[in-house]
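Some notes on the structure that comes next.
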Amino acid sequence: MLTERRVWLMVALLLWSLSGLAQEPDAESAPEGAAADSAGNGNDDSAPEKPVERPFVSVGLGQEALAAQRPEQAVWLDAGAGGRVLGLLERESGSEAKGAVLVLADEGQSADTALAGALREPLAEAGWATMSLGLESPPYPLVRARRELLRLDQMPKPREVAAGDAPAQDGAGEGDADAADPAPPQAQGEPQANEDSIMIDVMARDDLDQLRNAYREQIQAQLTAAITHLRGQGYSRVALVGVGHGAALASRVAAQGVGAGPGEPALLVWVAPRLDDDDLGAVGGAPRLRLLDLRSNASASDARKAQKGQLKRSGMPGYQQQVLAMASPPASADAALVAGRVSGWLRRTLSPPAP
């Protein structure tokens, strides 16, 4: 009798749990407020399906506060579609100006942050009026896609096995083709969810390209507005300096010859650049561009050597790479060293050759 009661109790508990599972999806699958909408409309099918929104948070650069802190250097630039952007300008020391330098900060840094902000004073002391610009972070989907590509690039590649060197499989004959087939993807340690996310990224490539182009155009408009302002102040020659991710964005403006003095080459400096193949291609096709590439000795040597070789093979005559004992990424403490290299390179590049 006791055993029979236990059986009925177990059956009752099982039925109760199944009934709870059957009701649970109805409660969770409807979005918040769906019950109220359904009661008000009376017809769920007539309501149009709303697109899924994926908002992202963009952290500002604190330009208003920065302008209040440095009113003597603050210059507000109207970049049209690129928006209103703050530049910090420090005039050159001495009576004769050698030109102007426009410094674009690394991604997510303001005009007065880290190396970009610290370069103004030493470059001004060397005779170059120097303006620094902050660089907004790109939209989050671009950052996420970049991280995913970096993760895939860092994944270990399958080891290539020479013919005849493959280890024998248990139970597999020498000519058994099925035994040589690789294991299913799930058995190789890569979750199926990662493959799905990669497929989603590939499908959204057009959307990512549109975001990337819009972001580049916005920053290029800000750089152009800054160069126009410096020219209006009487500086006919403007050299561009890009730090980190800012190097790639400054490259596309410099490659167009913007900022070059009359009859002079365009001048561009990379400081610990973060680049891809498209960025290298943009400067590789600009024969009148002079480029100084400053790298940290703490950075990966393989990457800097590979990029140096690619630019040399592109036939770019005005490319020079220097490796410095600076932090990676560079900090404000590296400003004196970087400014000395930049000033010396500008002087040598612009000086007429000895007869």
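The values are calculated or read from the model by the stated rules, or taken from the named source; none is laboratory data. All figures in this text were calculated on a predicted structure; none of them were measured in a lab. Neighbour counts are summed over all protein chains in view; Cβ atoms, including those assigned to glycine, are modelled from backbone coordinates with ideal geometry.
Remarks
- Matching residues, region 287-298, being under 14 Å from Val338 (Cβ atoms) and surrounded by fewer than 18 Cβ atoms within 10 Å (Cβ to Cβ): Asn297
- Pick from region 93-111, criterion closer than 12 Å to Ala129 by Cβ and at pLDDT 95 or above, ranking: farthest from the chain's Cα centre (by Cα): Ala100
- Any hit, region 223-230, residues being at pLDDT 95 or above, of a type outside the set (Ser, Thr, Tyr), within 24 Å of Pro317 (Cα to Cα) and assigned to a helix (DSSP H, G or I): no
- Residue in region 197-220 that is closer than 27 Å to Gly318 by Cα and either in contact with a strand residue (DSSP E or B) (Cβ under 9 Å, 6 or more places away or on another chain) or at pLDDT below 90 (or both) present: yes
- Scanning region 258-266 turns up no residue that is under 25 Å from Trp128 (Cα atoms), in contact (Cβ under 8 Å) with a residue 24 or more places away in the chain and in contact with a Pro (Cβ under 6 Å, 6 or more places away or on another chain).
- Filter result for Gly281 (under 24 Å from the mean Cα position of the chain (by Cα) and either of a type outside the set (A, V, I, L, M, F, W, C) or at pLDDT below 90 (or both)): yes
- Elements of the type helices (runs of 4 or more DSSP H) sitting completely within region 114-159 and holding at least 3 residues that are at pLDDT 90 or above and either surrounded by 20 or more Cβ atoms within 10 Å (Cβ to Cβ) or on the phi > 0 side of the Ramachandran plot (or both): these cover 114-118, 120-125.
Here's the yes/no breakdown for (1) among the hydrophobic types (A, V, I, L, M, F, W, C); (2) more than 26 Å from the chain's Cα centre (by Cα):
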residue	(1), (2)
Ser296	no, no
Ala300	yes, no
Gly318	no, no
Val323	yes, no
Arg341	no, no
Trp345	yes, yes
Leu350	yes, yes
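- Tabulated pairs, region 342-353, first at pLDDT 95 or above, second part of a helix (DSSP H, G or I), C-beta under 7 angstrom, 6+ apart or interchain: Val342/Leu123; Ser343/Leu123
Rundown of residues vs (1) among the acidic types (Asp, Glu); (2) loosely packed, with under 15 Cβ neighbours inside 10 Å, yes/no style:
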residue: Arg205; (1), (2): no, yes
residue: Val238; (1), (2): no, no
residue: Arg252; (1), (2): no, no
residue: Val258; (1), (2): no, no
residue: Gly261; (1), (2): no, no
residue: Leu268; (1), (2): no, no
residue: Pro273; (1), (2): no, no
residue: Asp276; (1), (2): yes, yes
residue: Gly285; (1), (2): no, yes
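- Residue identified as over 24 Å from Ser236 (Cβ atoms), touching a residue at least 40 places away in the same chain (Cβ under 8 Å) and out of contact with any helix residue (DSSP H, G or I) (no Cβ under 8 Å at 6 or more places or on another chain) among Ser332, Ser299, Ser328: Ser328
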